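Computed from the coordinates by the stated procedures, all read-outs in this text should not be read as laboratory data. What you see is a predicted model, and the numbers here were worked out from it, not measured in a lab. Counting neighbours? That spans all protein chains shown, and the Cβs are built from the backbone with ideal geometry, glycine included.
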């Protein structure tokens, strides 16, 4: 996963994978079937790895504005700590989802899962009176998902915490939080 995340699918050679895994080329083929199958497994593993902390944070107790700030600050920290790699899921979406159905399906399922977590939080925000009840929780969740994806791309382009924090503040301001 770390090689694909750092180099992307097209930038990763079979030799990169052999070197990283410490196995011979034939073992890699025998175990995974090939580069594409290994990539699919790595992307699925990343999705599993990142979904629990996202859900746990967004289901956290406290005022919704604080929950979102904690969530986005954690994402900013992770994006900046990744050494400029960004988000493996966002990178894969941009690189492959338009021409690879398997990658599209994984990325799309991930997007729906993140959207559902944000939707739940927006429903809770409406119930608490933090967000007007005439706003669609699903639309707000889609806005937050797009903000999250935008942060991942912006982090790769700037690696500037202040820029990323500004994006979060404007997004939360747009929600009235």
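Points to keep in mind about this one:
- Distance between the range 76-140 and the range 12-48 - C-alpha centres, whole angstrom: 26 Å
- To the nearest ten degrees, helix 137-158 and the longest principal axis of the Cα atoms of the chain are 50 degrees apart.
- Zone residues, the range 55-82, relative to residue 127, backbone N less than 14 Å from point 7 Å out along Cα-to-Cβ: 59-64
- By average C-beta atoms within 10 angstrom, highest first, the peptides 45-56, 116-127, 72-83: 116-127, 72-83, 45-56
- From its DSSP helices (H runs of at least four residues, each -39,500 (n - 2.57)), the chain gives a residue-normalised ellipticity at 222 nm of -25000 deg cm²/dmol.
- Cα gyration tensor category, rounded, prolate or oblate, for the range 78-177 with a/c compared to 1.5: oblate
- Percentage relative contact order, the range 1-122, counting C-alpha pairs under 8 Å, at least six apart: 28 percent
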